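Structure record follows, encoded as structure tokens.
What follows draws every value from the coordinates through simple rules; no lab data is involved. For clarity, every value in this text was computed on a predicted model and none was experimentally measured. Don't worry about glycine lacking a Cβ; one is built from the backbone with ideal geometry, like all the others, and counts go over all protein chains shown.
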Amino acid sequence: MTVSESKSSYAQQVRLSKAQEVRLGWVEALRARALKAFDEKGFPDKSWESWRYFTPSKLLSSAFEKPVPAELLSKEDPIFAGARCRIVFVDGLFSPKLSSQAPGNVDFSELWSGLFNHPELETRLGRDLDKEDNPFSLINTFAFEDGALIMLPSGRQALEPLHLFFFTTGTRGPVASVPRILLVAEEGAEVAVVARFYGGNHGQNSFENAVAEIYADAGARVRWTNLQIQENESGSLFLQTRAYLKEKAELDMVTVTRGREITRNEIRAELEGPGAQCRISGLSVLSGRSQAHQALSVLHRSPGAVSRQIYKNLLDGQSRAEFNSLAEVCPGAQKSDSHQLNKNLLLSDDARVYSRPKLKIYADDVQAAHGSATGQADPGELFYLRSRGLDLRTARFVLAYGFAEEILSLIPEKEVRAEIEASVKNAVHAMVRG
Amino acid sequence: MNRMLEIRGLKARIAGNDILKGVDLTIRAGETHALMGPNGSGKSTLAKVISGDPSVEITAGEVNFEGHNLLEMEPEARALAGIFLAFQYPVEIPGVNNAAFLRMAYNAQRKARGQEPADPMEFDEILKLKREAVEVSAEFLDRAVNHGFSGGEKKRNEVLQMAVLEPKLALLDETDSGLDVDALRSVARGVNRLKTPSNARLVVTHYQRLLDYIVPDFVHILADGRVLRSGDKTLALEVEKRGYDWLGA
């Protein structure tokens, strides 16, 4: 047993909970490599650059239940109303009962059956394992139970958005789940994905450690919305996203975070092909002692690629938010165009923000801008609204919600946007005080 | 005629600097007053005091509006009592739809009068009439409040808000700045259409130009925090010709 293992109850638990049956030889080989890499790496401490403001020590020593198949909801639950094509997971396990049929023209399936049907995925699943520097991502690779596969052959357009639901029950105590998502959009394919990580009022102290790998081949377009909503300030979610964009591929990703004790989104987007475009944005609405950490890196590996990052945080109570973002322009990636922007609105004196936009540029003909702004509600703006007859509380609400709405307006699906707007409105109403 | 606004011996400061040093002014229903004066004379500060801008500190004097002590009222209470300030620099509020914002303000007023709020359909009808009265295009409504608006568009949007809220006393703070002649005329027409015998206007301006279109009953010259001279519209023409120095400003 290595040092890192003996220190971590979590790593042992997810390892033991892993299904014992041998499934696919190449997957088992991948898992063995991931385990070895993890054993060498161990868990992060404050000396790790991207873990300076949050180290998961408490999480790692917690006790978790092994996930067992559970039914939380019925198929008719209103939460599924707008989600005709969906795959549902409860405590990280695939729920055939709550999931629906695939839309027909797209391979949208539970991950294991997908991996059996598509041996060519050996070149995609965990492709960059050797470069992987996040131990939680490695853990997911060696321990993932269930997951979702989204595959679109060349030129195929998904007719409607594909929905992924990850529910946490926590009915028998805290659960550790390790779901995996693999999306492959071949040349010119188009798809919209909505991934919901919903704790509801459940899931106390559970820990979801998810990985999403996104392959957008030449000219493919992927729109992706992450909704990370929990009604209380309990539980943790780590989502590691790895995106690989070929020539002129486009990725638009919006992540909305509300509730939970800890949410950590780590996105690494590799712009591998010329003219690839990646727009990632996020909104966190945090109160109490909630924390949301964004660890983002966009790598311009080819010329003429475009990247945009806009992240906003609305903070109340003693909440914490981190924007730790790197835009890196590799040698030869001329005409790269990169923007990073982080804006934070503090509604309390005790909330904290750590904003660290960073640039590394190894090419000489590039456009790169970054900015960060943190402040409280502007007195001039409040006066403007009050001079129109709005009371102070309403004026605060209007400013805070308007701040959030800029990100919400980027969510492409109208119904999803309306759903999350209502949720954020409720949260902001509770946050503003007269 | 009854006195709508009465200001007596008003002294005020911003960030520790004395700006208003004893201002007296009376405005009655139906009247249009122009407030002119050199830069830094305190024109905008006076408009801010009346509307309740918390950045201004009142050190002496009184301001009464229809018998109420205005200085004891919150900005929103003043707005609901019928005071409206068209800002010199309207604030951009990204993420807040202009039409939705107008409806919020309109309904805040209805609520204060004990009336039911207007639903979106009902309000659309009201808004259409108001918008046409002040010559503002429908495209304004779908945008975020003042966000990305040009200087001129912002001023028009202020006048649209004024049309919707139908104030008893409108304070127009340099509404002419940033407008070309055509826009100026159009905005002035809008303001004039909103004029009734029961409302009043205080037009703060640096130049006489605006007063060709919004004709004042009274002109006041403010200099160094005091009303130096009051007169009729010919005073503005005199200032245009001879500058403020002639007044000893």
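The table below lists the values:
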| read-out | value |
| --- | --- |
| Dimensionless Rg over Rh [the range B:148-249; C-alpha; Kirkwood] | 0.98 |
| Cα-based helix-to-principal-axis angle, B:233-242 vs chain B, degrees rounded to 10 | 60 degrees |
| Sequence-distant residues sharing a close amide H with A:His293 (under 5 Å, placed H) | A:Thr263, A:Arg264, A:Asn265, A:Glu322 |
| log10 of Debye I(q)/I(0), alpha-carbon scatterers only, for the range A:340-420 at 0.13, 0.16, 0.21, 0.26 Å⁻¹ | -0.63, -0.84, -1.06, -1.18 |
| Of the trypsin sites (Lys or Arg not before Pro) in the range B:100-178, those whose Cβ has at most 10 other Cβ within 10 Å and which sit in DSSP loop | B:Arg113 |
| Top positive-direction residue, dipole computed over chain A with Cβ charges, set A:Asn117, A:Phe207, A:Leu251 | A:Phe207 |
| Amide H contacts under 5 Å for A:Ser372, placed H, 5+ residues apart | A:Asn342 |
| For chain B, the fraction of alpha-carbon pairs in successive 10 Å shells from zero, as % | 7, 31, 37, 20, 4, 0 |
| Given charges at Cβ of Lys, Arg, Asp, Glu: chain A dipole, positive-most of A:Leu390, A:Val191, A:Leu73 | A:Leu390 |
| Dipole moment magnitude, nearest 20 debye, chain A about Cα centre, only Lys, Arg, Asp, Glu C-beta charged | 800 debye |
| The range A:377-434: relative contact order as a whole-number percent, Cα under 8 Å and 6+ apart | 39 percent |
| Within the protein assembly as shown, percent of DSSP bridges classed antiparallel, to nearest 5 | 15 percent |
| For chain B, share of DSSP beta bridges that run antiparallel, in % to the nearest 5 | 60 percent |
| Value of relative contact order over chain A, rounded to a whole percent, pairs C-alpha under 8 Å and six or more apart | 9 percent |
| Rounded to the nearest 20 debye, dipole of the range A:377-434 from Cβ charges on Lys, Arg, Asp, Glu | 320 debye |
| Alpha-carbon centroid distance for the pair the range B:1-54 / the range A:117-147, whole angstrom | 70 Å |
| Base-10 log of normalised Debye intensity for the range B:91-168 (one unit scatterer per alpha-carbon) at q = 0.11, 0.17 Å⁻¹ | -0.26, -0.62 |
| Cα long-axis angle, helix B:120-133 against chain B (0 to 90 degrees, to the nearest 10) | 40 degrees |
| Percentage, to the nearest whole number, of Cα pairs in the protein assembly as shown over 41 Å apart | 41 percent |
| Whether the range B:115-205 is rounded, prolate or oblate, judged on the alpha carbon gyration tensor where a/c under 1.5 counts as rounded | oblate |
| Set B:Lys130/B:Lys241; A:Lys46/A:Lys312; A:Lys46/A:Lys66; A:Lys358/A:Lys414; B:Lys155/B:Lys233 screened for pairs whose C-alpha atoms are more than 31 Å apart | B:Lys130/B:Lys241; A:Lys358/A:Lys414 |
| Options B:Val49, B:Phe140, B:Phe101, ranked by Cα towards positive dipole end of chain B, top entry (Cβ charges) | B:Val49 |
| Sequence-distant lysines (8 or more away, or on other chains) whose Cα lies within less than 20 Å of A:Lys246 | A:Lys131, A:Lys335 |
| Relative pair counts by distance (%), Cα atoms of the range A:377-434, 10 Å bins | 24, 46, 25, 5 |
| Exposure rule at most 13 other beta-carbon atoms within 10 Å, DSSP loop GluC sites (Glu not before Pro): chain A longest free segment | A:77-434 |
| At 1.002 mPa s and 20 °C, Stokes D of the range A:3-273 from Kirkwood alpha-carbon radius, µm² per second | 115 µm²/s |
| Sparse-neighbour loop sites [trypsin sites (Lys or Arg not before Pro); the range A:369-434; at most 14 other C-beta within 10 Å; DSSP] | A:Arg433 |
| Two-decimal log10 I(q)/I(0) for the range A:235-351, as the Debye equation yields it once each C-alpha is a single scatterer, q = 0.20 Å⁻¹ | -0.94 |
| Value of D in µm² per second that Stokes-Einstein yields for the range A:85-198, Kirkwood Rh from Cα pairs, at 10 °C (1.306 mPa s) | 107 µm²/s |
| Charge sum, other residues only, whose C-beta stays under 11 Å from A:Ile310's C-beta, Lys/Arg counted +1 and Asp/Glu -1 | +3 |
| For A:Asp365, A:Asp146, A:Asp91, order by how many other beta-carbon atoms lie within 10 Å, fewest first | A:Asp365, A:Asp146, A:Asp91 |
